[in-house]
Amino acid sequence: MLCNNDKRMYERDEFMRKKCNKKLWSTLLIGTLIFSLWGISFPVKAETNEGTKTLNVALYGYVPDIERFEKAVSTKWSELESNITLNFVDWDCYESDPTEDVDVFVFDALYFQSYVEQGYLLEIPSEDIAEREDILPFALDGCTLGGNVYAIPQIICTNLLYYRNGDTEVENANTIDELFNVIGKRQSQTVIPNNNEGLLIDMSSGISKTCFYLDGLIDHNQIYNSYSDLPPANEFNEEVINRLKTLQSMAGKEQSQYVPDNNDSYIRAKWFEQGSGRAYMGYTEAMSNMGSFVNDIDFKNISYCKEDNIPLFFGDLVGINSKISDSKKDLAYKLANTITATETMDMAISSDDSKPYPQYLLPARRSVYMDMGKLYPIYNELYNIVNNSANKLFLLGPGAKDWLEETNSNIGNLLK
């Protein structure tokens with residue numbers, strides 16, 4: 001979901017280290033698997049025996065606990081197709097376009113329009129989307145192009161403004177300008193703010209600044225834009241850029257640009273729990289780092305400009321490779337529905353024996369909020385946010401990757 005994903009902020013670095021280790025072992029294993037025994041050759045294939053199939057699946061890696069997702073998908077899939085093996089692979093939408101050997105994959109909605117134009121996605125007929133009416137309408141609308149659906153939304157994601165219970169001044173601030181009138185310019189120069197001082201926010205990467213800008217531009221223009229036609233990469237609205245400078249002013253450059261040595265994606269959430277900052281802006285999954293402190297806070301959407309907010313959500317979408325063989329298509333439809341199913345998502349984002357708190361991710365299905373709300377009441381509040389009829393999915397047009405690379409650098413220079 002970049003959910004801006006800042007590639008889920010620093011979490012990408014840790015994920016990539018794990019991926020490199022896996023690739024090293026994969027290389028060694030491939031070398032040992034190609035051998036002859038009693039004169040018989042056994043090539044490495046996805047389908048090792050006639051009638052036995054393997055589906056290669058890539059989940060979205062930038063979540064607090066990817067292992068819970070893999071376990072949930074494997075468990076539910078084994079109940080449906082115990083003879084069809086799932087092979088979890090490390091494909092990353094930020095690293096490369098879909099490869100032919102990845103049958104079903106989860107990717108950032110920012111690349112949806114690019115993938116459709118380039119022919120990477122198989123159309124998913126309406127009748128093959130399970131419990132379609134349960135999916136948040138704006139999320140499914142974002143997966144539709146030219147009247148055809150090309151992906152099923154799994155997770156949505158947005159930056160929320162967090163504040164402590166009883167802070168009515170922040171509670172009443174609905175725009176960046178109104179928030180600045182409450183918080184003001186950061187006074188201390190340390191990375192970690194004083195207690196109840198300043199805004200905690202991560203603006204350390206170019207892509208986070210670019211997505212803040214595009215979101216703010218929609219708020220400024222007061223009309224949703226799917227950015228099918230991407231704006232010039234070197235021309236920016238001055239008012240929106242000034243609002244980003246206001247965010248940075250409330251945060252302080254040292255804090256807003258800070259990247260911890262251990263790449264802790266949610267370090268600012270922990271600082272907020274410990275008393276630092278007047279308010280904190282971040283993704284909902286950061287609450288998994290706040291412990292029981294989540295019962296002492298509230299949260300809301302906020303406009304990134306002085307105009308009213310048009311709520312924009314990133315999305316993690318499940319797509320099927322257009323190159324998939326005909327013999328696997330029906331299985332791929334079933335797997336895409338399994339990955340996004342209510343029971344799977346309940347299991348994936350709930351706490352388990354090793355993690356006492358849920359992942360606080362935002363599922364794209366209404367029913368998951370109903371289930372999770374019984375265990376974690378905060379999901380009832382989150383449902384009020386995601387069930388807003390004004391919500392839209394954050395999309396970028398064809399050529400998004402090249403455009404982002406150029407734009408990230410230009411916006412970064414403006415905010416130095």
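Could you state the accessible area per residue of region 82-175 in Å², with a 1.4 Å probe and every protein chain left in place? Please list the in-between numbers first.
On the way: 3680 Å² over 94 residues.
Per residue, region 82-175 has 39 Å² of solvent-accessible surface.
Tally the DSSP beta bridges in the chain and give the antiparallel ones as a percent, rounded to 5.
Values: 28 of 41 bridges.
That works out to approximately 70 percent antiparallel.
Accessible area per residue for region 243-396 is 35 Å², calculated with a 1.4 Å probe on protein heavy atoms, without ligands, DNA or RNA. Using only side-chain charges placed at the Cβ, +1 for Lys and Arg and -1 for Asp and Glu, the dipole size of the chain relative to its Cα centre rounds to 800 debye.
For the chain, the pair-distance distribution built from all alpha carbon pairs, in bins 10 Å wide starting at 0, is 4, 22, 32, 25, 12, 4, 1, 0 percent.
Please report the carbon-and-sulfur percent of the accessible area for region 327-372; probe 1.4 Å, protein heavy atoms only, DNA, RNA and ligands left out. It would help to have the intermediate numbers written out before the result.
Numbers: 830 of 1610 Å².
Exposed carbon and sulfur together represent 52 percent of the surface.
Put simply, when 147-156, 96-105, 322-331 are sorted by average Cβ atoms within 10 angstrom per residue, most first, you get 147-156, 96-105, 322-331.
For the residue pairs 355/401; 245/306; 53/355; 253/401; 53/323; 270/300, alpha carbon separations beyond 23 Å are given by 355/401; 53/355; 253/401.
How much net charge surrounds residue 228 when only the other residues with a Cβ under 15 Å from the Cβ of residue 228 are counted, with Lys and Arg +1 and Asp and Glu -1?
Values: positive: 392; negative: 117, 141, 229.
Overall, the nearby charge balance is -2.
The values are calculated or read from the model by the stated rules, or taken from the named source; none is laboratory data. No experiment lies behind these values; they were computed from the predicted model shown. All Cβ positions, glycine included, derive from the backbone under ideal geometry; neighbour counts span all protein chains shown. For accessibility, only protein heavy atoms count, side chains too; no ligands or nucleic acids. Shrake-Rupley method; radii C 1.70, N 1.55, O 1.52, S 1.80 Å.
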